[in-house]
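Asks: Submitted below is the structure of interest, expressed as structure tokens.
The values are calculated or read from the model by the stated rules, or taken from the named source; none is laboratory data. The structure displayed is predicted, hence computed values, not measured ones. Cβ atoms come from the backbone with ideal geometry, glycine included; neighbour counts cover every protein chain shown. We work out accessible area using only protein heavy atoms, side chains counted, and drop any ligands, DNA or RNA first. Shrake-Rupley method; radii C 1.70, N 1.55, O 1.52, S 1.80 Å.
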Amino acid sequence: MHCDTVWRNARLLTMISGAEPIADGLVAAQGGRIVFAGAAADAPPFEPVEATDCQGRWITPALIDAHTHLVHAGNRAREFELRLEGASYAEIARGGGGIVATMRATRAASEDELVASALPRLDALLAEGVGTIEIKSGYGLELEAELKMLRAARRLGELRPIRVVTTFLGAHALPPEFSGDADGYIDAVCERMLPAIAAEGLANAVDGFCEGIGFSPAQIERVLAAAKALGLPVKLHAEQLSNLGGAALAARYGALSADHLEHLDAAGVAAMAKAGTVAMLLPGAYYFCRETQLPPVDLLRSAGVPIALATDCNPGTSPLTSLLLAMNMAATCFRLTVAECLAGVTLNAARALGLQDECGSLTPGKSCDLAIWDIEEPAELVYRMGARPLYARVWRGK
Ligand code: DI6
Ligand code: FE
């Protein structure tokens, strides 16, 4: 049987639910799609144009970082120092720092500068086998600057062999020109920014920050409704610092994911389970903010809510460019199992992006996005801190 490429003599972790690791495995690709992934003994007799001997290495689906703020200008190292001296994230935000500080730097940067500053962060993730990344706007907080961020994010996907999906996060923080008028800003988000961004096709989804220092559930609901009216899927930063019922609100709008969730309660878990909303846990932000409230992992498990993990790469609360380290943090801090961590950055991360038919497992028909690892067993991907065990990355069969 003809095909473009086979990878043979590999151990496979297909990440198909319930599947066992495969000891002598083979992956075959044709036209960038997986046509076979399984035991070599079960494979049809392929006549590939190119064959790679993996010498017993492990193959997993390429990783997926499904929640990042990768595009932004400047950094907040000085705030980090202030926090070490005792200032809180909320105090810094009220003092004009925080998200608004990054907004000023991002507004001042050109699209080219945003791309250039994001590339090293993207390259760090590529070097860990990431094949799909979600990138949010939300540091422009005015139409032109939000468009610039989203265009920069899309350009990254042209400059590197990676699938970029973009999310409009206009309702991230209140820009100074709307000081004291959060409702007025939400009007602008819903009536001006969102339609213009949708018209240019620059966003795959819409997000918001439902929090005391962000926007109220009533304000967020307007954004979610406006997104739905334009046919865009939604997701939400919810229950990060307090419980405002954001996850249940998002679930009512059929959200792809609700993200952070440290303060999520049983009612929120039930609403997510009913809606099929993925729980996106972000251990980098938990760690960096020295949060002490743990997300309700046991409740999520018993309700059958799929759990995903991401870096939340952002300059304020998670300056993290390692998805492997995020897995270690999820295991260490949240007590996720190795299997949960691996599913969190593959199968469930794909679902959190609505890409469950495209990537996230070694399933025939999906894009042939592979990570080939120099490891003895998959648990090493979660166990090591700071290791770079990637041997090779394959994206769309190449
Ligand atoms: N939650 C977060 O952790 C990031 N955004 C959000 O809504 C923080 C963004 C920042 O501080 O720059
Ligand atoms: Fe975030």
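Asks: Would you check if Leu249 is surrounded by fewer than 24 Cβ atoms within 10 Å (Cβ to Cβ) and either away from ligand 1 (no atom under 12 Å from the Cβ) or more than 15 Å from Gly208 (Cα to Cα) (or both)?
Replies: yes
Asks: What number of residues within segment 265-288 are open to solvent by less than 10 Å² (accessible area, probe 1.4 Å), more than 22 Å from Thr346 (Cα to Cα) and within 16 Å of ligand 1 (Cβ to nearest atom)?
Replies: Selection size over segment 265-288: 0.
Asks: Starting from residues that are open to solvent by less than 40 Å² (accessible area, probe 1.4 Å), under 23 Å from Glu91 (Cα atoms) and not hydrophobic (A, V, I, L, M, F, W, C), keep the ones in segment 187-237 and report whichever is nearest to ligand 2 (Cβ to nearest atom).
Replies: In this case the residue turns out to be His237.
Asks: Right, next: Out of His72, His67, which single residue is closer than 22 Å to Thr311 by Cβ and either more than 14 Å from the chain's Cα centre (by Cα) or part of a helix (DSSP H, G or I) (or both)?
Replies: His72
Asks: Would you pick out the residues in segment 55-77 that are more than 16 Å from ligand 2 (Cβ to nearest atom) and either farther than 15 Å from Phe288 by Cβ or crowded, with 21+ Cβ neighbours inside 10 Å (or both)?
Replies: Matches in segment 55-77: Gln55, Gly56, Arg57, Trp58, Ile59, Thr60, Pro61, Ala62, Leu63, Ala73, Gly74.
Asks: Checking Leu362 against (1) under 29 Å from Ala37 (Cα atoms); (2) open to solvent by 10 Å² or more (accessible area, probe 1.4 Å), which single condition isn't satisfied?
Replies: (2)
Asks: Further, regarding this structure: From the list Glu291, Glu262, which residue is within 15 Å of ligand 1 (Cβ to nearest atom) and open to solvent by 10 Å² or more (accessible area, probe 1.4 Å)?
Replies: Glu291
Asks: Any chance segment 166-179 includes a residue that's open to solvent by less than 10 Å² (accessible area, probe 1.4 Å) and hydroxyl-bearing (Ser, Thr, Tyr)?
Replies: Within segment 166-179 (the criterion being open to solvent by less than 10 Å² (accessible area, probe 1.4 Å) and hydroxyl-bearing (Ser, Thr, Tyr)), the answer is yes, since at least one residue qualifies.
Asks: Then there is this: Can you list residue pairs whose Cβ atoms sit under 8 Å apart, with the first residue in segment 194-205 being more than 14 Å from Ala226 (Cα to Cα) and the second being open to solvent by less than 50 Å² (accessible area, probe 1.4 Å) and aromatic (Phe, Trp, Tyr)? Count only pairs 6 or more apart in sequence or on different chains.
Replies: Leu202/Phe168
Asks: Kindly list, by first and then second residue, each pair from a residue in segment 135-153 that is surrounded by 22 or more Cβ atoms within 10 Å (Cβ to Cβ) and part of a helix (DSSP H, G or I) to a residue that is aromatic (Phe, Trp, Tyr) and modelled with pLDDT under 95, limited to pairs with Cβ atoms under 8 Å and residues at least 6 apart or on different chains.
Replies: none
Asks: For segment 323-339, what are the residues that are away from ligand 1 (no atom under 16 Å from the Cβ), over 19 Å from Ser257 (Cα atoms) and not basic (Lys, Arg)?
Replies: Leu324, Leu325, Asn328, Ala331, Thr332, Thr337, Val338, Ala339
Asks: Still on this model: Of the residues that make up segment 146-159, is at least one over 30 Å from Arg393 (Cβ atoms) and among the aliphatic types (A, V, I, L, M)?
Replies: Among the residues of segment 146-159, at least one is over 30 Å from Arg393 (Cβ atoms) and among the aliphatic types (A, V, I, L, M), which makes the answer yes.
Asks: Can you work out which of the residues in segment 295-322 that are away from ligand 1 (no atom under 16 Å from the Cβ) and hydrophobic (A, V, I, L, M, F, W, C) is nearest to Ala266 (Cα to Cα)?
Replies: Leu299
Asks: If we keep just the residues of segment 306-316 that are assigned to a loop (DSSP other than H, G, I, E, B) and open to solvent by less than 10 Å² (accessible area, probe 1.4 Å), which is nearest to ligand 2 (Cβ to nearest atom)?
Replies: Asp312
Asks: Output the residues belonging to segment 79-133 that are among the acidic types (Asp, Glu) and over 20 Å from Asp65 (Cβ atoms).
Replies: Correct list: Glu79, Glu81, Glu85, Glu91, Glu111, Asp112, Glu113.
Asks: Take Lys228 and decide whether it is closer than 24 Å to Pro195 by Cα and either free of Cβ contacts under 8 Å to residues at least 24 places away in the same chain or under 16 Å from the mean Cα position of the chain (by Cα) (or both).
Replies: no
Asks: Further question on the same structure: Would you confirm, using the coordinates I've provided, whether Thr106 is assigned to a helix (DSSP H, G or I), over 30 Å from Thr292 (Cβ atoms) and in contact (Cβ under 8 Å) with a residue 40 or more places away in the chain?
Replies: yes
Asks: Can you tell me how many residues within segment 15-38 are assigned to a strand (DSSP E or B), in contact (Cβ under 8 Å) with a residue 40 or more places away in the chain and among the small types (Gly, Ala, Ser)?
Replies: Qualifying residue count for the region: 2.
Asks: If Ala182 meets every condition in (1) within 16 Å of ligand 2 (Cβ to nearest atom); (2) open to solvent by 20 Å² or more (accessible area, probe 1.4 Å) apart from one, which number is that one?
Replies: Going through the list (1) within 16 Å of ligand 2 (Cβ to nearest atom); (2) open to solvent by 20 Å² or more (accessible area, probe 1.4 Å), Ala182 breaks only (1).
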